[in-house]
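All of the numbers you see were taken from the coordinates with simple rules; none came from a lab. Just so we're clear, the structure is a prediction, and the values are computed from it rather than from any experiment. Ideal geometry is used to build each Cβ from the backbone, glycine not excepted, and the neighbour counts take in all protein chains shown.
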Amino acid sequence: MNRTERRLRDDAYSSFTEKLLARDIQPGQIVSQRELVDLTGMPLGAIREMIPRLEADGLIRTVPKRGLQVLNIDLELIRNAFQLRRIIESEAFACFCENAPDADIERIASEHRNTLSEAERGVTPELLSRAQHMDWAFHDFVIDFLGNRIISDIHRVNAIKIRLIRNSDTRMLPELVESVMTEHLVIINALEVRDVGKTVEAVHAHVDSAKRRALGV
């Protein structure tokens, strides 16, 4: 595969995941390669190159004589996705607690405390968007700190699955900004004093809370 073909394949993958998260492509939906061309706006060759990657990531599967089925959201997916998140983040946050520069922890702490203070005065659309980005970026940054490309790639695919698990949308709701920032700050407080045990304990509590929210319980 040459550089142009690889770029088109990656663009097709990005387009597919964006459409999936936007619910333009539905979980469990059966689609053909031609339909994916129409949905993503990418050429057929790029779609064909993309499919093995989607299958390897568990985002689609081939159904004989029917087409391609987008992953279906069920209890097994929820259990597996959150269990994987718990395992990855336990290692990542323990490593970050022990080795992250003080400046990184100070920056993250300041951003979260400022955002929580704003949210307590009222959640605006701009603040909601910023808080959502901060939520995702916090976890991505800590996991990427491991310097392990394999783990980072697995995390990003799993994050797509977790965002799909929500019934109606994949974004933070206004009423959740304070609770998510507060949960993050419990983790950050432990990071600031370099307490690995409390950091991992707070991460577990945060992941379990996210799982309950995803299940609506």
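Net charge near Ser152, counting Lys/Arg +1 and Asp/Glu -1 over other residues with Cβ under 13 Å of its Cβ?
Once all neighbours under 13 Å are counted, the net charge is -3.
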Suppose each label sits 7 Å from its Cα in the direction of the beta carbon; what would the Leu215-Glu201 distance come out to in nanometres? 2.3
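To the nearest 20 Debye, how big is the dipole of the chain about its Cα centre, given +1 on the beta carbon of each Lys and Arg and -1 on that of each Asp and Glu? Kindly include the intermediate steps, with their values, before the conclusion.
Numbers: 30 positive and 34 negative charges, 212 e Å.
Using Cβ point charges on Lys, Arg, Asp and Glu, the chain gives about 1020 debye.
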With DSSP loop assignment and no more than 11 other C-beta atoms within 10 Å, the trypsin sites (Lys or Arg not before Pro) in the stretch 32-105 are Lys65, Arg66
Relative counts (whole %) of C-alpha pair distances in the chain, using bins that are 10 Å wide: 7, 30, 32, 21, 9, 1
Stretched fully, the stretch from Arg121 through Glu55 gains (0.36 nm per residue minus C-alpha distance, one decimal, in nm) 19.2 nm
Note, the stretch 79-84: 3J(HN,Hα) by Karplus (6.51, -1.76, 1.60, θ = phi - 60°), whole Hz, Gly/Pro = x, goes 4, 5, 5, 6, 5, 4
Please name which of Ser152, Gln83, Ala190 has its Cα lying farthest along the dipole of the stretch 75-215 towards the positive end, using unit charges on Cβ (Lys, Arg +1; Asp, Glu -1) and the Cα centre as origin. Gln83
Taking R0 as 45 Å and r as the Cβ-Cβ distance between Ala103 and Ser32, the FRET efficiency 1/(1 + (r/R0)^6), rounded to the nearest 0.05, comes to 0.35
Ranked by Cβ crowding within 10 angstrom, fewest neighbours first, how are Lys211, Lys19 ordered? Lys19, Lys211
Less than 29 Å apart at the alpha-carbon level, and either on another chain or at least 8 residues along: which lysines does that give for Lys19? Lys65, Lys161, Lys211
